[in-house]
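Colleague: To start, I am sharing the structure in question, which I have written as structure tokens.
The values are calculated or read from the model by the stated rules, or taken from the named source; none is laboratory data. All of these numbers come straight from a predicted model, not from anything done at the bench. Glycine also receives a Cβ, built like all others from the backbone with ideal geometry; neighbour counts cover every protein chain displayed.
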Amino acid sequence: MLKHRRSDSERCEAKKLKTEAQYMSTEENGEVPSSPEKALLKYGELVVLGYNGSLPYGEKGRRKTRFTLFKRAAANGVKPSTHHIAKTPQASKIVADKSHHSVSYTLSRNQTVVVEYVRDEDTDMFQIGRSTEPPIDFVVIDTVPGNKTAEDCKVQQSTISRFACRIVVERNPTHTARIYAAGFDSSNNIFLGERATKWKRPDSSMDGLTTNGVLIMHPTGGFGQECKAGVWREVSVCGGIYSLRETRPNPQRGKLIDDESNVLHDGTLIDLCGATLLWRSSAGLQKTPTHKHIEELRKEINAARPQCPVGLNTLAFPTRSRATKVTEEKERQPYVYLNCGHVHGHHLWGQKENENGDRECPMCRTVGPYVPLYMGNEPAFYVDCGPPTHAFCPCGHVCSEQTARYWAQVPLPHGVHAFHAACPFCATQLTGEQGFIKLIFQNDIGT
């Protein structure tokens with residue numbers, strides 16, 4: 001009889017999870033749930049920088065550019081409970097038992113501290129990493145800068161951890177989201193080997209860092225027109241905030257920052273050493289432009305029929321689906337001289353015989369790069385709903401002035417020790433004095 005009741009419980013749990021999965025699928029496809037009972041609370045979204053709204057080889061399953069965090073049908077969060085020395089039978093049993101979550105800190109060949117985690121009915125847990133194993137909710141691969149093709153996205157040696165980090169969200173208001181380094185594997189374990197950076201905290205509990213670390217940056221002034229870049233910090237396995245190590249894999253941890261926390265704010269950046277994610281809260285997403293709004297702005301520019309000063313042909317920004325494709329309408333594609341901002345159509349005027357392929361602008365004689373313009377189509381990267389009047393250099397992605405100004409002063413991690421500003425739509429390192437240029441059309445659109 002007991003076995004029969006347990007089976008019913010398991011079937012009930014499976015039904016809840018199936019309902020949740022079905023809802024998430026319909027929401028991501030833009031469909032509205034057929035019943036209010038099936039509507040799940042949306043905590044927020046994680047968006048990968050460097051992709052202009054979609055992967056070049058298509059969005060597939062858990063591998064995509066955007067991951068929406070919904071309130072789960074049943075809580076799956078865990079919290080630390082007791083710790084054991086690995087020599088004891090109890091510690092070995094916890095690590096071997098897949099129904100228990102644990103974090104193992106190897107101090108030496110003869111000593112390992114195992115921290116047991118127990119179920120937390122008040123939180124939902126979401127895991128991010130490179131692994132495609134079931135515990136990972138959002139599969140992230142290394143970001144390749146530039147206008148990418150499927151072939152470009154093949155990375156020989158990834159620097160992203162297989163189980164990079166986890167986000168724990170409170171199921172009750174105010175639905176606070178917190179980030180922790182490292183994620184639980186298929187056996188529900190986290191292992192910090194002998195070489196990993198780890199230490200004993202003042203309360204005698206253990207903590208540690210992953211090999212290349214998980215970095216976070218909270219923008220100052222909120223994620224809006226007045227936002228400024230914050231300071232990059234490293235988050236530990238237990239959620240502590242530390243100053244950066246000299247290099248990502250350095251064994252010496254940074255200084256503990258007592259007055260900062262691992263709570264995610266709207267606009268918080270999360271760097272996994274190979275890919276950077278942007279956290280947008282549910283409330284913050286209400287203030288951002290939508291795909292429809294961006295499309296209306298594109299149509300508004302095209303409706304004004306801007307012309308090329310040389311060919312006198314009408315220019316038009318391509319639709320989102322055709323933005324990276326070569327079409328027969330190449331003559332209508334807007335181009336810009338990055339050193340002056342004058343917008344033209346595609347032409348052969350003013351070519352210079354140098355390795356950079358620079359051109360001389362026919363309007364002002366300024367010599368510099370000459371690149372096509374494309375709309376920035378990922379709404380989550382916009383800090384306001386302003387018109388698309390500026391373009392990033394040297395990639396030519398177009399967005400609002402405030403959005404360009406914000407991202408141009410954000411130092412994004414690059415490799416294990418470098419930082420540089422990059423276009424959020426393609427991850428190309430910005431160049432020039434400002435990193436962006438104001439667009440000047442012949443008929444003064446956007447001036």
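Colleague: Residue 215 - would you say it is more than 19 Å from the chain's Cα centre (by Cα) and surrounded by 13 or more Cβ atoms within 10 Å (Cβ to Cβ)? Please lay out each step first, then the result.
Modeller: Numbers: more than 19 Å from the chain's Cα centre (by Cα): no; surrounded by 13 or more Cβ atoms within 10 Å (Cβ to Cβ): yes.
Judged against the criteria, residue 215 is not a match.
Colleague: Quick one: residue 118 ticks every box in (1) assigned to a strand (DSSP E or B); (2) closer than 21 Å to residue 242 by Cα; (3) not polar (S, T, N, Q) except a single one, so which number is it?
Modeller: (2)
Colleague: Then there's this: Taking the residues in region 411-428 that are part of a loop (DSSP other than H, G, I, E, B) and modelled with pLDDT under 95 as candidates, determine which candidate is nearest to the chain's Cα centre (by Cα).
Modeller: Going through the qualifying residues, I end up with 415.
Colleague: Another question about this same structure. Looking at (1) outside any helix (DSSP H, G or I); (2) under 29 Å from the mean Cα position of the chain (by Cα), which one does residue 347 not meet, given that it meets all the others?
Modeller: Result: residue 347 fails condition (2) only.
One line per residue, one yes/no per condition, for (1) part of a strand (DSSP E or B); (2) modelled with pLDDT of 95 or more; (3) not acidic (Asp, Glu):
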position: 183; (1), (2), (3): no, yes, yes
position: 207; (1), (2), (3): yes, yes, no
position: 222; (1), (2), (3): no, no, yes
position: 231; (1), (2), (3): no, yes, yes
position: 239; (1), (2), (3): no, yes, yes
position: 254; (1), (2), (3): no, yes, yes
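Colleague: When region 342-385 is examined, which residues are found to be among the hydrophobic types (A, V, I, L, M, F, W, C), out of contact with any Pro (no Cβ under 8 Å at 6 or more places or on another chain) and crowded, with 16+ Cβ neighbours inside 10 Å?
Modeller: Scanning region 342-385 gives 361, 367, 380, 383.
Colleague: Based on this model, can you work out whether residue 44 counts as of a type in the set (Gly, Ala, Ser), in the same structural domain as residue 269 (by TED's automatic domain parsing) and either closer than 30 Å to residue 371 by Cβ or in contact with a helix residue (DSSP H, G or I) (Cβ under 6 Å, 6 or more places away or on another chain) (or both)?
Modeller: yes
Colleague: Ok, one more. Quick one: in region 55-70, which of the residues that are assigned to a loop (DSSP other than H, G, I, E, B) and surrounded by 18 or more Cβ atoms within 10 Å (Cβ to Cβ) is nearest to the chain's Cα centre (by Cα)? Steps first, please.
Modeller: Narrowing region 55-70 to residues assigned to a loop (DSSP other than H, G, I, E, B): 55-59, 61-62, 64-65.
Subset that is surrounded by 18 or more Cβ atoms within 10 Å (Cβ to Cβ): 64-65.
Working: 64: 10, 65: 8 Å.
By that ranking, first place goes to 65.
Colleague: Name the residues in region 387-414 that are touching a residue at least 60 places away in the same chain (Cβ under 8 Å) and out of contact with any Gly (no Cβ under 7 Å at 6 or more places or on another chain), would you?
Modeller: Step one: of region 387-414, the residues touching a residue at least 60 places away in the same chain (Cβ under 8 Å) are 387-388, 395-398, 402, 406, 409-413.
Hits for region 387-414 are 388, 395, 396, 406, 409, 410, 411, 412, 413.
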